[in-house]
Amino acid sequence: MLDATYRPPTALACQNIVHRYGGVLALDDISVAIETGKFVSVLGSNGAGKSTLGMVLSGVLSPSAGSVAVAGREIRAGHGGRIGQVSLVPEGRRLFGQLSVAENLLLGGYGAGAPRAEIKRRLSHILEELPKALRDDSGRAAATLSGGEQQMLAIGRALMADPKILIIDEPSMGLAPILIKRVYEWLARLHANGVTIVLLEQMATHAVRHSDMLVILDRGRVVYSGPPTGDKAHAALIAGYIGEEAL
Amino acid sequence: MIASTGNRRRVARAAAILLAGLATWIAIGPAQLFGDYIGFLIVAIGYFAIVTMSVSMLAGFCGIWPIGHTAFTAIGAYVTVNLALAGLPIEAILPVAILAAAAIGYLLGMTAGRFSILYFGLLTLAVSLAGFEIIGRWEDFTGGENGIGVPAIASLLLGRAIRLSDAGGYSLLLATLAFLVTDFVCQGPVGRRWLAVKSQRTASMAVGFVPPRENATAFSFSAALAATSGSAMAVAIGYLDPEGFSLNTGITMLVATVVGGTGSLVGALFGASFIVGVPELARGTSNVAPFVYGAAMIVVLLFLRRGVVPSLLNIASGGTRGTRMQKQPSESASGDLAELVAEVLPSAGKELRIENVSVNFGGVKALQDVSVVVPAGRAIGLIGPNGSGKTTLLNVLSGFVRPRAATSVRIGDTELLTLRPWERVSAGFGRTFQHAELFAELTIRDTLRIVARKGRKARREAGLNLVEPDAVAERIIRGLGLDNVAESLPHSLPFGIQKVADIARALAAGAGMLALDEPFSGLDADESAKLRAILRELRAAGVTILIIDHVVHEIFDLAEDVYVLDFGCIIAHGKPNAIRSDPKVREAYFGITEPEREASHA
Amino acid sequence: MGDLISLTISGIANGSAFALLALGIVIIFRSTDTVNFAIGDTGTLVTFIAISAITAGIPLAVSFVMAILLAGCIGVATERLLIRPLGHGQHLLFVALVITIGLGLIMQAAMGAVWGHTPQPFPPLVAGWVEVGGVAISLNKIAATLVALVAMALVAWFFGYMPFGIAMRASAEDPFAARMLGLNTGRIAAIAWFLGCGLAAIAMLFLAAESALQPHLAHSPLFRAFAGVFLGGLTSMPGAVIGGFAIGVLDNIAGHYISANYRDTIVFSVIVIVLFARPAGFMGSIRKERV
């Protein structure tokens, strides 16, 4: 009797997450709730724990302690793979360099278990979003692409799973401003289409502009959680050593 | 202070090796502590330890696991026999055998760079199998399948022929010498260089190391050791059977290396004892030895990855080294980098002039007629969208890519294009890497020391006071605030500090001109501020700097002139303010088109 | 000229075993970045088990199928217990290779202990001889050649048609990223090792009927299979098969015209020349790097 269009208010949430790498504490009792359809930015300097949190939220990393829930339902620990509906674009993209553009995209669909015809449809759709150079020569090995092209391909690959929630880790690293702009435009389009976006970043400017909500991490702890504007937010950004571009 | 502790340690090790060798010889020789048979086993452990060490050294320092070192023991053994038959004394025979193996090893090692380590390992397997076949067939030299007896060998030092009772002493003498030499080489700068080339081939070329040469010398040294083992074996056993050079034996040597531990002297002894001891203990029952070998290898590789000896030492010393450090504030640089530059850089302040460089990859024009000038002692920025050719330009400067056409690429008066990549740093060209690419298996201090050696000659010629590598390294560590982290391995350091260490490495090499590859990429605001300060001071001290990056506000702050690259062409060049407002640049690089600009002004 | 033709034909027949082994090696390498040195011994081991089964009265064909399936299972166990715990990374390539050498040693020792070192006869799947192009070839060899070709076709279909081939290559290159996308890297590895070792078993079952069965049976063919892999490229499956057949022909021709005594040396020289001329093999692809 559930309405098919029912969307649970909390798309993704984690509770009391603790994670250690060997002897080093990366996340120290983190609880974050991400509402459906929102654009949430998690900001923090190097080593604050953003990437670790991203991996925990997407199910790839099972935390030392704590729980993760998707749409209100808790996910079992030790998952180590993907949680359906959540796609991660990891830091550094992690494309399969020896495989072609098309093959990287196809894998995004296969991994999510979509039927063949559906994968084909999504492939042509996603190719439209990618730069023309990739569309025209989708047989190129991914390792030969420029940084910007690789970032776009990585996002495309994650989208091939038709996720409801997209977690994207430091997309702006090594990218020229024009490409950063294009990436954020794509994210904004996805957001407008109802995809919940979790952005992990160091460079606050663009992130703040697009976000509904801001979470700031410092050394594994949440030091701010709330709207992206206002004095409190501003003060937290400065205190967290998060730079602003002077442009 | 640190230097002399290092030397004292090395002398202590050498003394320990000498004592051990002497004690063993006395035990089995004059003192007759053991019977003949045990004595023979100890001698066998001696010459097997030499060849185990030769394999272990290559594996540990070059990442190559040679599956076919029996070819080199064979050279040592059969050369010894044949020259002895020709009447030469042992003092002449041994050097010949060693040289023959070393020469072939050098040639083989030179080719290592062309292949991945996997292919190269399989190549060594092929060599040993072919070698084994040749041994079986070449009857004149090896006696064929029946084997060949070792005749009495004259010795000039002894003044008579070597008797059976001397054979053990010969073996132990060679083992002791081999251990001494290997320890000396591997613990010294040569071994450090091998480790650098092993982990970061590209970065090592950028500081002046020559990977093919390092591979060749390492392989040659290893082959020489193996030949020594073969010679000792020939004299000790008195008879050569081709089976001793078969693939099975080659695998047995691998077992010894794996079980004992790579890169460890004591490990080589342990491994050799293992492969001598097991067949002895299993006397009577066949099939036990291969079974024990296989099981031991599997157990060790699964649970004691680095080998029994290194793993035990690790446990004894209290556990894992180098867990990732939590980010902590680094020491700030000790004030004036101008002093540092004056003291350690022989050639700061030369102009970099790139004229009309064009590069094609297949049909793609990566660079079209690009010219950039970085005046002496100034900082110039280079920006451009991804794929615009910035990386290619840097690779042309480094020597990894050859331009299709170019008028010239000069530092000062020196033309770079005619120089190999590893020759460019002595012309003054230094570079850093986007991902730092520090030498993974060396501490920061060790890295700076071996790199500083390359610049010794240039520093002496420039009349600098600081010439000795250790002193130069310490000065740089102090100057850049790396004191806290100098003994750490790169992977345990925060990224920001790794990047500073990368700059330190370029300075240690004596580069007076620095090309920085996306130095600010991946750094947070705190780390960026520290790097900015360092670069400002270097610039003020007269170092010529070319910064390639996307973090535009840093470039505009540091550089007085900025070039903009797009699709392989320079589309703009000028002061930061002019670049910032240039419409071509705004559109191509910042993605701000005219209508947007209008709208934002409305 | 007649000699050459007959040498070539018998060479191709000989090469079928090398081709099967080579294909097995490449499948395992492409899926898990591991060179499995124990693959030949795995095949020999199940061949011994087959002879015991046949002697115990189990029908020939059943024993053969059993042996092949058993080899596959041993392959899966090897990957799960010995290779996966090692982890992943370029620096571990050699460790994995060496651990399979260790496994090979254990297998050889076991075979010697249980069945002894004396060469034993082994029944061919199909007995008899036939004349092809003027040379007598055993039906066993012809069957082996046909099976090798069919196997290659099936494998090509399996990897081309299904997404498995792409998933396998991705899983070898970056298992973390593969799992992140939702691929079951464990299952992919298991399938590849099952296939690879199964193919090796087929090769050894045929070879045992040609020469006699003894624990070291796989050594010489394995060396030649590696030569075939180098010829065809470590990354190319069709290349491995063609390379295997080519080495069979080369081995024969060189042995006849140059020297019967130095066959290993000749094969080795071929490997060296190919590696220097085309490090990736004739059909392999150079790993692409962005400059």
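Bear in mind that the values in this text are calculations on the coordinates, not laboratory data. It should be emphasised that the depicted structure is a prediction, and the values quoted were computed from it without experimental measurement. Reconstructed Cβ throughout: ideal geometry from the backbone, glycine too, with neighbour counts over all protein chains shown.
Remark on A:PHE39: its backbone amide H falls under 5 Å from those of A:ILE197, A:ASP212, A:MET213, a criterion applied only to residues 5 or more positions apart or on other chains, H modelled at 1.01 Å from N.
Computed with the Debye formula from one identical point scatterer per Cα of chain B, without solvent, the log10 of I(q)/I(0) at q = 0.05, 0.08 Å⁻¹ comes to -0.29, -0.67.
Amide H to amide H, with H built 1.01 Å from N, B:VAL150 comes under 5 Å of B:TYR239, B:LEU240, counting only residues 5 or more places away or on other chains. Between B:ALA152 and B:ALA103, the distance separating the two model label sites (each 7 Å from Cα on the Cα→Cβ line) works out to 3.1 nm.
Across segment B:459-602, the relative contact order, built from alpha-carbon pairs under 8 Å that are at least six residues apart, equals 14 percent.
Over 23 Å between Cα atoms, which of B:LYS390/B:LYS575; A:LYS38/A:LYS181; B:LYS390/B:LYS454 qualify? From the list (B:LYS390/B:LYS575; A:LYS38/A:LYS181; B:LYS390/B:LYS454), the Cα-Cα distance tops 23 Å for B:LYS390/B:LYS454. Considering only C:ALA113, C:ALA208, C:ALA227, the Gaussian network model of chain C with Cα springs below 10 Å gives its largest mean-square fluctuation to C:ALA113. Against the main long axis of the alpha-carbon atoms of chain B, helix B:164-187 sits at an angle near 10°.
Of all aspartates and glutamates in the structure, the ones whose alpha carbon falls short of 19 Å from that of B:LYS365, not counting any fewer than 8 places away in one chain, are A:ASP136, A:ASP137, A:GLU149, B:GLU355, B:ASP566, C:GLU289. Ignoring the sites themselves, chain C has its longest run without trypsin sites (Lys or Arg not before Pro) in a DSSP loop having at most 16 other Cβ atoms within 10 Å at C:1-286.
Counting charges near C:VAL126 (Lys, Arg +1; Asp, Glu -1) among other residues having Cβ under 15 Å from its Cβ returns a value of 0. Using Cα atoms only, what is the angle between the long axis of helix B:247-260 and the major principal axis of chain B, expressed in degrees (0 to 90) to the nearest 10? Once rounded, one gets 70 degrees. Starting from the Cα gyration tensor of segment B:337-601, take the square roots of the eigenvalues, sort them a ≥ b ≥ c, and report rounded, prolate or oblate (rounded when a/c is under 1.5, otherwise prolate if a/b is larger than b/c, else oblate). Cα axes put segment B:337-601 in the prolate bin. Largest GNM mean-square fluctuation across C:PHE223, C:PHE158, C:PHE194, computed for chain C with C-alpha springs under 10 Å, falls on C:PHE158.
The relative contact order of chain C, computed from alpha carbon pairs under 8 Å that lie at least 6 residues apart in sequence, is 36 percent. Quick one: helix A:116-129 against the long Cα principal axis of chain A, what's the angle to the nearest 10°, folded into 0 to 90? The helix A:116-129 is inclined about 80 degrees to chain A. Each Lys or Arg adds one and each Asp or Glu subtracts one; over the other residues with Cβ under 15 Å from the Cβ of C:ALA156, this totals +2.
Counting Lys +1, Arg +1, Asp -1, Glu -1, what net charge surrounds B:GLY261 among other residues with beta carbon under 12 Å of its beta carbon? Neighbourhood net charge equals +2. Placing unit charges on the Cβ atoms only, positive for Lys and Arg and negative for Asp and Glu, gives the protein assembly as shown a dipole magnitude near 380 debye about its Cα centre. Our Cα-only numbers for segment A:10-239 put the radius of gyration and Dmax at 17.2, 51 Å. Largest mean-square fluctuation among C:LEU231, C:LEU195, C:LEU275, in a Gaussian network model of chain C whose springs join Cα atoms under 10 Å apart, belongs to C:LEU275. Estimate the FRET efficiency between B:ALA86 and B:ARG404 by the formula 1/(1 + (r/R0)^6), using the beta-carbon distance for r and 51 Å for R0, to the nearest 0.05. Once the sixth-power term is evaluated, E becomes 0.35. Annotation: amide H-H contacts under 5 Å for A:LEU12 (H modelled 1.01 Å from N, sequence separation of 5 or more, or interchain): A:ILE34, A:ALA71. When each full DSSP H helix of chain C is screened for a Cα extent of at least 18 Å along its own axis and an average Kyte-Doolittle hydropathy of at least 0.5, the helices passing are C:2-32, C:39-55, C:60-78, C:93-115, C:139-161, C:185-210, C:219-232, C:237-257, C:263-277. Pairs of alpha-carbon atoms within less than 8 angstrom and 6+ residues apart define the contacts here; what relative contact order does chain B have, in percent? Taking the mean separation of contacting Cα pairs over the length of chain B, I get 16 percent. Shape of segment A:93-173 from the C-alpha gyration tensor: oblate (a/c of 1.5 or more and a/b not above b/c, with a ≥ b ≥ c the square roots of its eigenvalues).
Out of the DSSP beta bridges found with both residues in segment A:10-239, what percent are antiparallel (nearest 5)? So the antiparallel bridges amount to about 55 percent of the total. In straight-distance terms, cross-link reach from B:LYS457 covers every one of the lysines whose alpha-carbon lies under 30 Å from its own, apart from those fewer than eight places away in the same chain; here that gives B:LYS198, B:LYS350, B:LYS499. The longest part of chain B holding none of the exposed loop GluC sites (Glu not before Pro), meaning those outside H, G, I, E and B in DSSP with at most 16 other Cβ atoms within 10 Å, is B:1-330. Classify chain C as rounded, prolate or oblate, taking a ≥ b ≥ c as the square roots of the eigenvalues of its Cα gyration tensor: rounded when a/c is under 1.5, otherwise prolate if a/b is larger than b/c and oblate if not. Because a/c hits 1.5 or more and a/b fails to exceed b/c, chain C counts as oblate.
Counting only DSSP beta bridges with both residues in segment B:337-601, the antiparallel share comes to about 55 percent. Cross-link partners for C:LYS141 among the aspartates and glutamates, with Cα-Cα distance under 20 Å and sequence neighbours closer than 8 places in the same chain left out: C:ASP3, C:GLU131, C:GLU210, C:ASP251. Here the protein assembly as shown has an Rg and Dmax of 32.3, 105 Å, counting Cα atoms alone.
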